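Okay, structure first, notes after.
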Amino acid sequence: MGLEGEVISSKAFPTIFQIKYKIIGSPKISILIPNKDHVSDLSRCIVSILTKSSYNNYEIIIIENNSEEVETEAYYRVLKNMNKIRVIRYDGDFNYSKINNFGRRYATGDYLLLLNNDTEVISEDWMEQLLMYAQRNDVGAVGAKLYFPDGTIQHAGVVLGLGADHTAGHIHYGTDRNNLGYMGKLYYAQDVSAVTAACLMVSTEIYDEVNGFDESFAVALNDVDFCLKIREKGYLNVFNPYAELYHYESKSRGRDASGEKKARYNKEAKMFKEKWAEVLSKGDPYYNPNFSLDRADYFYVGI
């Protein structure tokens, strides 16, 4: 294929390989982090990027959205004195899609790295691991392997139709971080239908080509919709388990079972199913139909 890189055996099996593609040049990465208060989370995230990252050509753009605590503004004043960091303000109601589209306007990088404020870098070469795939002409979005604080998996790729509402869900969810995964899948990069925007890299060019995030998806499924728009353009989406971070999302939080949040989720889930009805009817092309869509552990049910 004419691609330069290094091939080494993975932890899973000698014949399951980790590929390290050569980074072409030193493209700039714009890290977009939406934030409202939660200074301890944001600080941990920022410190981990600054102290653990081996890649140097990046900028961090904090997209402030209606914070109310005085500690938040005090922390922003500290950040403004750092060369790599900018704080911009989005004053509208919370809409994850609008916030990231707003942040993109201020980004000067060749690549965008969407990142939640409650993440913490583990692998020093996490940006290189994402970039080595994002730089390929045939690849769109690239996602990371995310862990809960207890060491179990929060994200290892998204499967269409997985979960109680049969929209999309995280595969290998809750699996121990040392588990090899089904057929060693937790130790090699692979094509997936979608990855979570809690940590997602995409070239600025492709982001613009698909017109960014669909702003009608304010909270739920916006990242899956974004990835499907990328796939619709003929690009691949990739999960790379060697880009590792903690994601401090509450493992037991779940979805709000009642009230406004539940109604909003149901509305967006319905909209997602209608928009991608044909795609969902065909099933996820990267997930065998013999496996259950009610469980995240590749449970065999047959056809």
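Can you pull out every residue in region 1-26 that is hydrophobic (A, V, I, L, M, F, W, C) and either in a strand (DSSP E or B) or over 19 Å from Asp191 (Cβ atoms) (or both)? Working first, answer last.
Applying the first criterion (hydrophobic (A, V, I, L, M, F, W, C)) to region 1-26 yields 1, 3, 7-8, 12-13, 16-17, 19, 23-24.
Within region 1-26, Val7, Ile8, Phe13, Phe17, Ile19, Ile23, Ile24 meet the criteria.
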*For the subset of region 158-180 comprising residues that are free of Cβ contacts under 8 Å to residues at least 60 places away in the same chain and not in a strand (DSSP E or B), which member is surrounded by the fewest Cβ atoms within 10 Å (Cβ to Cβ)?*
Asn178
*Could you please find all residues in region 8-36 being open to solvent by 20 Å² or more (accessible area, probe 1.4 Å), touching a Lys or Arg at 6+ places or on another chain (Cβ under 8 Å) and in contact (Cβ under 8 Å) with a residue 24 or more places away in the chain?*
Tyr21
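Could you list all residues from region 103-136 that are in contact (Cβ under 8 Å) with a residue 40 or more places away in the chain and either basic (Lys, Arg) or in contact with an Asp or Glu (Cβ under 6 Å, 6 or more places away or on another chain) (or both)? It would help to see each step written out before you state the result.
Initially, region 103-136 is screened for residues in contact (Cβ under 8 Å) with a residue 40 or more places away in the chain, giving 103-104, 106-136.
Selection gives Arg104, Asn117, Asp118, Ile122, Ser123, Arg136.
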*asked:* Pull out all pairs, ordered by first then second residue, where Cβ-Cβ is under 6 Å, the residues are six or more apart or on different chains, the first lies in region 277-289 and is touching a residue at least 12 places away in the same chain (Cβ under 8 Å), and the second is open to solvent by 70 Å² or more (accessible area, probe 1.4 Å) and assigned to a loop (DSSP other than H, G, I, E, B).
replied: Gly283/Pro289; Pro289/Ile303
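Pick from Arg264, Arg295: which is surrounded by 13 or more Cβ atoms within 10 Å (Cβ to Cβ) and not in a helix (DSSP H, G or I)? Lay out the reasoning, then the answer.
On the way: Arg264 fails: not in a helix (DSSP H, G or I).
Just a single option satisfies the conditions, and that option is Arg295.
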*Confirm whether Arg231 is touching a residue at least 40 places away in the same chain (Cβ under 8 Å), crowded, with 19+ Cβ neighbours inside 10 Å and of a type in the set (Lys, Arg).*
yes
*Working only within region 115-136, note down all residues that are open to solvent by less than 20 Å² (accessible area, probe 1.4 Å) and touching a helix residue (DSSP H, G or I) at 6+ places or on another chain (Cβ under 6 Å).*
Thr119, Val121
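Assess whether Glu71 counts as being without any contact (Cβ under 8 Å) to a residue 40 or more places away in the chain and open to solvent by 20 Å² or more (accessible area, probe 1.4 Å). Before you say what the answer is, go through the steps one by one.
Details: without any contact (Cβ under 8 Å) to a residue 40 or more places away in the chain: yes; open to solvent by 20 Å² or more (accessible area, probe 1.4 Å): yes.
In short, yes.
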_Those residues of region 37-64 which are in contact with a Phe, Trp or Tyr (Cβ under 7 Å, 6 or more places away or on another chain) and surrounded by fewer than 17 Cβ atoms within 10 Å (Cβ to Cβ), in sequence order_ = Asp41, Ser43
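Can you find, within region 181-207, the residue that is most open to solvent (accessible area, probe 1.4 Å) among those that are part of a loop (DSSP other than H, G, I, E, B) and farther than 16 Å from Val224 by Cα?
Of all residues in region 181-207, those part of a loop (DSSP other than H, G, I, E, B) come to 181, 188-189, 193, 195-198.
Restricting the remaining residues to those that are farther than 16 Å from Val224 by Cα gives 181, 188-189.
Working: Gly181: 18, Tyr188: 60, Ala189: 31 Å².
Taking the candidates together, the pick is Tyr188.
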*In region 161-211, how many are of a type in the set (Asp, Glu) and farther than 24 Å from Ala277 by Cα?*
3
*Do you know which residues across region 33-76 are of a type in the set (Gly, Ala, Ser) and in a loop (DSSP other than H, G, I, E, B)?*
Ser53, Ser54, Ser67
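Taking region 77-102, which residues are in a helix (DSSP H, G or I) and without any contact (Cβ under 8 Å) to a residue 60 or more places away in the chain? Don't jump to the end; show me each part of the working.
Of all residues in region 77-102, those in a helix (DSSP H, G or I) come to 77-79, 96-102.
Correct list: Arg77, Val78, Leu79, Phe102.
The values are calculated or read from the model by the stated rules, or taken from the named source; none is laboratory data. In this text, all values refer to a predicted model and were calculated from it rather than measured experimentally. Glycine gets a Cβ as well: all are built from the backbone with ideal geometry, and neighbour counts include every protein chain shown. Only protein heavy atoms, including side chains, enter the accessible area calculation; ligands, DNA and RNA are left aside. Shrake-Rupley method; radii C 1.70, N 1.55, O 1.52, S 1.80 Å.
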